[in-house]
Protein chains: 2
Amino acid sequence: MANPQIIIVPEIRDLVRREQWDELRDILAEIHAADIAEIIQTIDDDNEKVNVFKNLDDDKAVEVFEHIEGDDRSAILPLLPNREQKNILNEMSPDERADFFDEITAEEVDQYTGLLNKGAKEETRLLASYPPDSAGGIMTTDFVTLSEDMTVAQALKRIREDAPDAEQIYSLYVVNKQDKLVGIVTLKDIILANPNRKIGRMMDHKVMSVNAESDQEEVASLFKKYDLHALPVVDQYGTLIGIITFDDIIDVIGEEDTEDMYRFGGVKETELTYFQTSSSKWARQRITWLLLLVVTGFISGFILERYEEALTTVVMLAFFIPVLMDSGGNAGTQAATVIVRGLATGEIAMNQALRVLRKEVIIALMVGVALAILTALRAVIMHSDYSLAITVAIAMLATVTIAKIAGAMLPILFKKLGFDPAIMSGPFITTIVDIFALILYFELARLFLGIA
Amino acid sequence: MANPQIIIVPEIRDLVRREQWDELRDILAEIHAADIAEIIQTIDDDNEKVNVFKNLDDDKAVEVFEHIEGDDRSAILPLLPNREQKNILNEMSPDERADFFDEITAEEVDQYTGLLNKGAKEETRLLASYPPDSAGGIMTTDFVTLSEDMTVAQALKRIREDAPDAEQIYSLYVVNKQDKLVGIVTLKDIILANPNRKIGRMMDHKVMSVNAESDQEEVASLFKKYDLHALPVVDQYGTLIGIITFDDIIDVIGEEDTEDMYRFGGVKETELTYFQTSSSKWARQRITWLLLLVVTGFISGFILERYEEALTTVVMLAFFIPVLMDSGGNAGTQAATVIVRGLATGEIAMNQALRVLRKEVIIALMVGVALAILTALRAVIMHSDYSLAITVAIAMLATVTIAKIAGAMLPILFKKLGFDPAIMSGPFITTIVDIFALILYFELARLFLGIA
């Protein structure tokens with residue numbers, strides 16, 4: 001999508017250069033923090049970036065900083081005046097701060113921790129104790145709690161007091177004296193209720209929560225299934241320690257899907273964006289699989305060597321190698337795509353492997369017969385050789401079938417073994433199928449073409 | 001994820017068979033609508049499904065119906081008593097009803113429209129007038145509007161009246177006398193404000209909205225970028241006609257990512273789940289690409305035929321065909337994966353094609369040199385042939401470079417031409433790269449191995 005805000009960039013840079021601070025401030029006040037963050041990231045000059053920052057009011061500066069992506073944050077912060085650094089670090093939402101601390105060096109963490117006030121320090125320590133892709137790693141500690149014995153009027157007073165800092169006030173969690181999560185009320189319920197009603201009488205006791213150690217992918221699937229707005233996070237004692245809101249989950253879903261697609265495409269993911277990742281880093285992220293697959297590709301070479309006799313006798317055999325290999329790879333990739341995605345969205349459960357196998361074999365026979373006929377026709381038309389036609393037709397049908405079975409079963413097998421099924425990437429399945437396809441092809445050739 | 005609710009299924013079916021309605025009702029009242037929907041979908045017997053439905057209270061029946069997926073909905077509804085059909089159809093949220101009407105036959109639409117009351121009929125007609133993947137197609141018409149001249153107290157009264165039916169009451173939209181969208185206030189603002197304050201004085205005039213015709217993918221990226229909770233939808237005159245909420249968007253993101261992955265894997269998407277889609281339908285969804293790719297695969301065969309002489313003279317050349325083809329396919333798929341995803345998430349903009357090209361060429365040279373050395377070593381070690389080694393090394397480096405360029409540039413080109421970049425699937429790029437790789441390989445062989 002084209003970004004209409006980009007056209008403001010020259011105007012803003014111009015104001016910065018001419019040091020027209022008042023005018024700059026007026027323009028920036030009108031622009032959404034997410035857009036200012038984007039604008040700052042298109043400016044190359046550090047000094048100019050800082051001058052944009054200095055002309056934001058305190059709250060907006062925090063929001064803009066939260067929206068900046070990747071290492072630009074760690075580049076900008078040290079350039080800001082100490083007072084502004086303190087404001088940003090203390091006022092940013094605890095989960096964003098924890099993410100930022102994950103991105104920077106240990107020395108920077110030490111230095112910035114020194115600028116935090118006591119509460120912020122504790123929050124950061126708590127969040128840092130959980131892996132970044134766990135519920136504890138993505139939760140925030142800015143939330144409102146109510147107690148059972150409050151009246152609706154008292155609850156509303158508490159909400160009003162806590163609202164300015166809270167990440168959201170639309171789902172409200174009720175805790176007992178030991179801070180254990182015991183219920184949930186929505187702001188909607190509170191607005192509709194009699195002011196004298198006790199929270200304990202109207203709350204829903206069946207409140208869903210996740211343990212702080214839960215994987216973020218699991219959390220995302222709860223949000224999807226139950227259309228949640230927010231989800232409380234508890235520790236092993238059931239104590240409410242944080243909440244996760246839907247906007248964190250939208251990011252998680254994107255991240256998890258990117259991770260799946262990268263793995264499936266045979267690329268290791270990086271935490272930075274495409275351009276922020278250096279070319280040599282990208283080369284490293286891609287070379288592992290390529291090297292591994294070249295080595296397995298050599299196996300295909302060895303197989304051809306073993307059948308050198310056959311190849312020399314009937315050189316026509318070579319002409320069908322590309323189409324067999326491509327069809328096997330394609331058919332396998334198709335099956336793997338559908339199965340890997342089905343496992344990720346929960347559409348396909350682990351105990352349905354047999355049903356998947358049956359279905360894929362039927363599909364393979366349907367598409368395989370069509371491809372086999374087409375390939376056989378080519379052999380007959382171009383080479384008028386019926387034995388060759390039978391050989392390539394059977395080889396094609398068998399290759400497609402093996403490919404569909406491998407493409408469907410390997411991801412399920414990998415998931416059973418506790419790995420990410422997306423590791424069973426298209427390239428990997430293609431290479432495995434190639435090996436089987438070639439052996440099969442030449443054995444069939446020996447059988448039907450009478451080669452030794 | 002394993003589903004703990006599944007263990008209740010035998011108990012529920014047992015209660016249904018023994019016609020223990022009171023006990024069944026008590027159990028169902030304790031279970032979340034999303035889980036009941038899942039349970040109903042695991043029951044094969046239609047009669048049992050209906051009996052579960054009959055023992056839900058009216059509101060819960062609507063919620064459960066909304067959570068049921070695919071054609072199970074259209075199978076269950078006709079089996080329910082007329083009164084229950086009416087309740088479900090009239091009370092379900094307008095966007096869910098529109099989705100349901102999209103799934104069923106024209107006769108069924110006619111029949112069920114007869115059961116709708118006037119308001120529901122109009123809502124359905126409005127939503128049906130937009131494509132299902134547009135903002136108008138995913139919006140709901142159940143929302144609360146405020147006017148500028150209301151006081152906070154009056155607004156709160158309006159919210160209390162409308163809340164029971166509204167999809168959400170946390171973002172409230174302000175319209176003028178002509179129903180044009182003029183501002184936004186949050187429930188948080190209203191709770192914190194003085195009861196006598198005018199809405200027009202406190203509302204934010206800069207309210208983001210989308211046109212009903214906008215693509216759902218565009219809407220999703222606004223939610224992501226601005227961390228939105230809800231987004232108003234306007235028609236071409238700026239009249240507020242609906243809202244989209246975050247839970248719709250979570251579904252959209254999942255759908256769009258599935259669509260991208262399927263296209264990229266060379267599979268046409270279906271609207272139903274893996275198991276709901278019949279094997280013959282799956283075969284049709286996959287055969288188009290396979291047939292097309294078989295035909296392009298034949299081109300590779302023709303190329304080999306053209307170089308029959310070379311192949312017959314130096315049969316060793318055949319041994320390196322699989323590894324060259326696989327490496328080209330893999331390298332191209334890697335680049336395409338990263339670029340297709342980058343275009344989808346907005347990380348890569350259309351005007352950055354040249355930067356991408358430069359980066360991919362550098363990456364290609366880095367990984368290409370490594371793969372070339374490895375392949376040359378194999379030629380030297382196994383065949384002690386230095387000319388062959390030079391041939392395969394240069395062929396490998398060139399193939400990887402062409403593959404990375406094609407993998408990166410074809411998705412961008414396709415997007416420029418107005419197509420979905422994910423159509424440039426892994427299998428398609430593999431097949432294209434194969435053709436170039438083979439020609440190049442044999443031309444190099446002629447050059448270095450002195451074949452005619």
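The values are calculated or read from the model by the stated rules, or taken from the named source; none is laboratory data. What you see is a predicted model, and the numbers here were worked out from it, not measured in a lab. Cβ atoms come from the backbone with ideal geometry, glycine included; neighbour counts cover every protein chain shown.
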Considering only residues that are surrounded by fewer than 18 Cβ atoms within 10 Å (Cβ to Cβ) and away from chain A (no Cβ under 11 Å), which ones fall in the range B:212-234? B:E213
State which residue pairs qualify: first residue not assigned by TED's automatic domain parsing to the domain that holds A:E96 and inside the range A:51-66, second residue in a helix (DSSP H, G or I) and small (G, A, S) in any location, beta carbons under 9 Å apart, and separation of 6 or more residues or different chains. none
When you scan the range A:18-43, how many residues do you find that are assigned to a helix (DSSP H, G or I) and closer than 19 Å to B:F223 by Cα? 7
Given (1) surrounded by fewer than 24 Cβ atoms within 10 Å (Cβ to Cβ); (2) at positive phi, identify the lone condition not met by B:G266. (1)
Please list, ordered by first then second residue, the pairs with beta carbon atoms under 7 Å, 6 or more apart or interchain, first in the range A:432-450 and in the same structural domain as A:T333 (by TED's automatic domain parsing) and surrounded by 22 or more Cβ atoms within 10 Å (Cβ to Cβ), second acidic (D, E) and modelled with pLDDT of 90 or more. none
Count - residues of the range A:393-417 that are of a type in the set (A, V, I, L, M) and under 16 Å from A:L438 (Cα atoms): 10
Pairs needed: first member in the range B:258-273, farther than 15 Å from A:A335 by Cβ and more than 7 Å from chain A (Cβ to nearest Cβ); second member anywhere, among the β-branched types (V, I, T) and in a loop (DSSP other than H, G, I, E, B); C-beta distance under 9 Å; at least 6 residues apart or different chains. B:E271/B:T277
If you go through the range A:159-173 one residue at a time, do you hit one that is in contact with a strand residue (DSSP E or B) (Cβ under 7 Å, 6 or more places away or on another chain), surrounded by 19 or more Cβ atoms within 10 Å (Cβ to Cβ) and acidic (D, E)? yes
Residue check for B:R378: modelled with pLDDT of 90 or more, surrounded by fewer than 24 Cβ atoms within 10 Å (Cβ to Cβ) and either hydrophobic (A, V, I, L, M, F, W, C) or more than 30 Å from A:T312 (Cα to Cα) (or both): no
Can you tell which of A:L272, A:L222 is among the aliphatic types (A, V, I, L, M), under 18 Å from the mean Cα position of the chain (by Cα) and under 28 Å from A:A75 (Cβ atoms)? A:L272
Those residues of the range B:420-452 which are assigned to a loop (DSSP other than H, G, I, E, B) and within 27 Å of the chain's Cα centre (by Cα), in sequence order: B:D420, B:M424, B:S425
Scan (1) within 25 Å of A:I159 (Cα to Cα); (2) at pLDDT 90 or above for the single condition B:K188 breaks and write down its number. (2)
Given the conditions (1) modelled with pLDDT under 90; (2) within 14 Å of A:A61 (Cα to Cα); (3) charged (D, E, K, R), report the number of the one that A:E91 does not fulfil. (1)
Of the conditions (1) under 19 Å from B:A344 (Cβ atoms); (2) touching a strand residue (DSSP E or B) at 6+ places or on another chain (Cβ under 9 Å), the single one that B:I244 does not satisfy is (1)
Answer from A:S387, A:S300 - the residue that is within 30 Å of B:Y262 (Cβ to Cβ) and either modelled with pLDDT of 85 or more or more than 7 Å from chain B (Cβ to nearest Cβ) (or both): A:S300
Among the residues in the range B:396-414, are any at pLDDT below 90 and farther than 30 Å from A:E305 by Cβ? yes
Which numbered condition B:R83 misses (of (1) buried (at least 20 other Cβ atoms within 10 Å of the Cβ); (2) over 25 Å from the mean Cα position of the chain (by Cα)): (1)
For the range B:235-248, does any single residue satisfy the condition of being facing chain A (nearest Cβ under 7 Å) and under 23 Å from B:V174 (Cβ atoms)? yes
Picked from the range B:335-354 (must be more than 7 Å from chain A (Cβ to nearest Cβ) and surrounded by fewer than 24 Cβ atoms within 10 Å (Cβ to Cβ)), the residue nearest to B:A422 (Cα to Cα) is B:L343
Every residue from the range A:155-175 that is farther than 19 Å from B:A193 by Cβ and either facing chain B (nearest Cβ under 9 Å) or in contact (Cβ under 8 Å) with a residue 40 or more places away in the chain (or both): A:E167, A:S171, A:Y173, A:V175
Could you grab the pairs with beta carbons closer than 6 Å, sequence gap of 6+ or different chains, first residue in the range B:304-320 and more than 7 Å from every other protein chain (Cβ to nearest Cβ), second one small (G, A, S)? B:A310/B:A445; B:L317/B:A445
